[in-house]
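Everything on this sheet refers to the single structure shown next.
The values are calculated or read from the model by the stated rules, or taken from the named source; none is laboratory data. Note that this is a predicted model, so its numbers are computed, not measured. Neighbour counts are summed over all protein chains in view; Cβ atoms, including those assigned to glycine, are modelled from backbone coordinates with ideal geometry.
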Amino acid sequence: MIQLRLRHPNGDIGPFEVVESLTISQVKEVTFSQWPTEGPLSKENPTSASELRILCAGKFLENGKQLKDYRKEMGDPDAGAVVTMHVLVRPAAAGKAAAKDADDAAKQKSGCGCVIC
């Protein structure tokens, strides 16, 4: 068992106790269920657990992996130690829509598509 605290730019969630055999998807579900409905974190409420992105040691964690797969990144915590990770809320379509808008803007700025050698 480890104590997990998730840090968001608007505040912290936890710590809460989890087993290391949980997948990152399951950790997201637990985090979603613990998300505060009042206070600064309520301003950025996720609509589902799939909108959450969890980072540890600067890396986005993969949904299919278990917490124990990230022991090295967590600093090999002792029993009862509090592990702090970062959590971000990113709507599922935000990445694709933003990339499409950037591509459209680039096409409009560039004029024609001619290449002169």
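Here is a yes/no grid of residues against (1) farther than 18 Å from R90 by Cβ; (2) under 15 Å from the mean Cα position of the chain (by Cα); (3) part of a loop (DSSP other than H, G, I, E, B):
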| position | (1), (2), (3) |
| --- | --- |
| P15 | yes, no, no |
| S21 | yes, no, yes |
| Q26 | yes, yes, no |
| E29 | no, yes, no |
| E38 | yes, no, yes |
| E62 | no, yes, yes |
Test: D78 is over 21 Å from R90 (Cβ atoms) and either among the hydrophobic types (A, V, I, L, M, F, W, C) or in a helix (DSSP H, G or I) (or both) | no
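In this structure, does A49 turn out to be touching a helix residue (DSSP H, G or I) at 6+ places or on another chain (Cβ under 6 Å), of a type outside the set (V, I, T) and either touching a residue at least 60 places away in the same chain (Cβ under 8 Å) or farther than 13 Å from V27 by Cβ (or both)? Talk me through it step by step, then tell me what you get.
Values: touching a helix residue (DSSP H, G or I) at 6+ places or on another chain (Cβ under 6 Å): yes; of a type outside the set (V, I, T): yes; either touching a residue at least 60 places away in the same chain (Cβ under 8 Å) or farther than 13 Å from V27 by Cβ (or both): no.
Here the answer is no, as A49 does not meet what is asked.
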Any chance you could count how many residues in segment 40-60 are part of a strand (DSSP E or B) and under 15 Å from D12 (Cα atoms)?
-> 5
Those residues of segment 9-25 which are among the acidic types (D, E) and more than 16 Å from R71 (Cβ to Cβ) amount to D12, E17
Restricting segment 26-59 to residues that are among the polar types (S, T, N, Q) and buried (at least 16 other Cβ atoms within 10 Å of the Cβ), the one farthest from R71 (Cα to Cα) turns out to be T31
Mind checking which residues of segment 76-88 are modelled with pLDDT of 85 or more and farther than 14 Å from V18 by Cβ?
-> H86, L88
